[in-house]
Amino acid sequence: MNIQFPVQESVNARYSVRNYSDRPIDAETRQAIEDFISSMDNPFASQVKFHYLDQNAMQGQEKLGTYGVIKGAKQYIGTTIKSEPEALEAVGYELEAVMLYLANQGIGTCWLGGTFDRAGFASAMNVGEDEIFPVITPYGYPAAKKHVKEVMMRKLIKADQRKDWKELFFYNDFNTALTTAQAGELEFALEMVRLAPSASNKQPWRVVLTDTGCHFYEYKEPGYSDRFPYDIQRIDMGIAACHFDLAVKEKNIAGHFVTDNKPDIIWPANIEYVFSWVRD
Ligand SMILES: Cc1cc2nc3c(=O)[nH]c(=O)nc-3n(C[C@H](O)[C@H](O)[C@H](O)COP(=O)(O)O)c2cc1C
C-alpha cells in the first residue's frame, strides 16, 4: 500500500457522513479510488475483497435501503472475507485506510455494519454464498448539513467524544495507566488509535505497552455482538491497527504485527488478547 496522505489531518477530517450532496465524483477520481483499493494489503493473514455499487446504474431496480440512516448516497463500497482467523481485523484495517484516503480528498464515508439491507446489497454486489459480508460504506461528497436522524444518532452515541488515555492505555499491566511520557515516540500512534471510529463508538481497544512493544486487547462488551454472526468489535480492532500502523510508518518507527506474542500479564474480565505490535 502506498500511503499518500498525511495521517493526522486525515484522521481529523474523517467522520461518519450520513447525508450526501448531489455533486458527482468524476470518473478520474473514481478510477484513482479503485486503483488505491487494488494496492491495499494488511498485516493480518487474511484477504479482503472489495465490491463496488453505483445506484445510478441500477435502472428500474428498487433503491437499496439503510433504514433512513444514509441519505443521498449514490455509490457504495462493500467488503467480503472468508471465514478464517483475523479476517475481521483485516477488513477493519483495509477499509479504514480507504476511508482515510477518501477523507483526505474531502470525500465522506460511513462504516455500516448494522443499518443496511444486507441481503439486498449482497445480491446487488454479487456476494458469493461462501463469503462473509460484514460491512459496507457509502462514499461521496457530504451535503452542507447533517440530516435530523443523523444529528440524533450522533448525540445518542456521543459520536464526537472519545475515552481518555487512562481508560485505554496501560504500562506493563492493566493496573497502571500509561502516561504520554512513558509512551515516548509512540504517543502519536496511540493518540491516532484513540481517535479511531468504532461500532456504536464503543472504543473497545485497550493497549498495554511493555519493553517489546504494544499489546492490543479487545474489551468485549457483553452481549453487544450477539446480533451479528461474528464479533463486530474485531473490525474495530483492525481499525485501531490501521491507525497505529499508518502513524508509526509516518514517523519511521520500525515494528511489525504478530498474533502469537501474548504477554504474560493478567487481564480483567471481558478482555481478550488480539495482537501485538513488536519493535524490530
Ligand atoms: C465496525 C463499525 C460498524 C458501524 N456500523 C454502523 C451502522 O450500522 N450504522 C451507522 O449509522 N453507523 C455505524 N458505524 C459508525 C459509528 O457509529 C461511528 O464511527 C462512531 O459513532 C464515531 O463517529 P465518527 O465516525 O463520526 O467519528 C459503525 C462503525 C464501525 C467502526
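The values are calculated or read from the model by the stated rules, or taken from the named source; none is laboratory data. All figures in this text were calculated on a predicted structure; none of them were measured in a lab. With ideal geometry, Cβ positions are generated from the backbone for all residues, glycine too; neighbour counts draw on all protein chains shown.
Within the stretch 111-119, can one find any residue that is in contact with a strand residue (DSSP E or B) (Cβ under 8 Å, 6 or more places away or on another chain) and under 28 Å from Asp245 (Cα atoms)?
So in the stretch 111-119, the residues in contact with a strand residue (DSSP E or B) (Cβ under 8 Å, 6 or more places away or on another chain) come out as 111-112, 116.
The next check asks that each one be under 28 Å from Asp245 (Cα atoms); those that pass are 111-112.
Yes, the stretch 111-119 has at least one match.
Report yes if Pro197 is more than 10 Å from the ligand (Cβ to nearest atom) and part of a loop (DSSP other than H, G, I, E, B), otherwise no. Quick ask: steps written out before the conclusion?
Numbers: more than 10 Å from the ligand (Cβ to nearest atom): no; part of a loop (DSSP other than H, G, I, E, B): yes.
Here the answer is no, as Pro197 does not meet what is asked.
Would you confirm whether or not the stretch 203-210 contains a residue that is under 18 Å from Val7 (Cβ atoms), modelled with pLDDT of 95 or more and among the β-branched types (Val, Ile, Thr)?
Narrowing the stretch 203-210 to residues under 18 Å from Val7 (Cβ atoms): 205, 207.
Adding the requirement that they be modelled with pLDDT of 95 or more leaves 205, 207.
Remaining after also requiring among the β-branched types (Val, Ile, Thr): 207.
The answer is yes; a qualifying residue exists.
Which is of a type in the set (Lys, Arg) and within 13 Å of the chain's Cα centre (by Cα), of Arg234, Arg227? If you could, list the steps in order and put the result at the bottom.
Working: Arg227 fails: within 13 Å of the chain's Cα centre (by Cα).
The conditions single out Arg234.
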Of all residues in the stretch 22-53, which are surrounded by fewer than 18 Cβ atoms within 10 Å (Cβ to Cβ), of a type outside the set (Phe, Trp, Tyr) and outside any loop (DSSP other than H, G, I, E, B)? Ala27, Glu28, Thr29, Arg30, Gln31, Ala32, Glu34, Asp35, Ser38, Lys49
Hits in the stretch 59-73 (condition: surrounded by 13 or more Cβ atoms within 10 Å (Cβ to Cβ) and either away from the ligand (no atom under 13 Å from the Cβ) or acidic (Asp, Glu) (or both)): Leu64, Gly72
Just for the stretch 134-162: of the residues that are away from the ligand (no atom under 13 Å from the Cβ) and within 20 Å of the chain's Cα centre (by Cα), which one is nearest to Glu34 (Cα to Cα)? Tyr139
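I need the full set of residues from the stretch 163-177 which are within 24 Å of the chain's Cα centre (by Cα) and either part of a loop (DSSP other than H, G, I, E, B) or polar (S, T, N, Q) (or both), in order please.
We begin by selecting, within the stretch 163-177, every residue within 24 Å of the chain's Cα centre (by Cα); these are 163-170.
Those that are within 24 Å of the chain's Cα centre (by Cα) and either part of a loop (DSSP other than H, G, I, E, B) or polar (S, T, N, Q) (or both): Lys163, Asp164.
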Pairing a residue in the stretch 268-280 that is in a loop (DSSP other than H, G, I, E, B) with any residue that is loosely packed, with under 11 Cβ neighbours inside 10 Å, where Cβ atoms lie under 7 Å and the two sit 6 or more apart in sequence or on different chains, gives Asn270/Pro222; Asp280/Ala254
Mind checking which residues of the stretch 12-45 are among the polar types (S, T, N, Q) and within 16 Å of the ligand (Cβ to nearest atom)? Asn12, Ser16, Asn19, Asn42
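Modelled with pLDDT of 95 or more, within 16 Å of the ligand (Cβ to nearest atom) and over 22 Å from Ala13 (Cβ atoms): is that true of Phe174 in this structure? Lay out the reasoning, then the answer.
Values: modelled with pLDDT of 95 or more: yes; within 16 Å of the ligand (Cβ to nearest atom): no; over 22 Å from Ala13 (Cβ atoms): yes.
When the stated conditions are applied, Phe174 does not pass them.
Quick grid of which residues meet (1) polar (S, T, N, Q); (2) within 16 Å of the ligand (Cβ to nearest atom); (3) without any contact (Cβ under 8 Å) to a residue 60 or more places away in the chain:
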residue: Tyr52; (1), (2), (3): no, no, no
residue: Gln75; (1), (2), (3): yes, no, no
residue: Gly78; (1), (2), (3): no, yes, yes
residue: Lys82; (1), (2), (3): no, no, yes
residue: Ala90; (1), (2), (3): no, yes, no
residue: Leu100; (1), (2), (3): no, yes, no
residue: Gly108; (1), (2), (3): no, yes, no
residue: Ala122; (1), (2), (3): no, yes, yes
Go through the stretch 226-257 and give me each residue that's crowded, with 16+ Cβ neighbours inside 10 Å and among the small types (Gly, Ala, Ser). Gly238, Ala240, Ala241, Ala247, Gly255
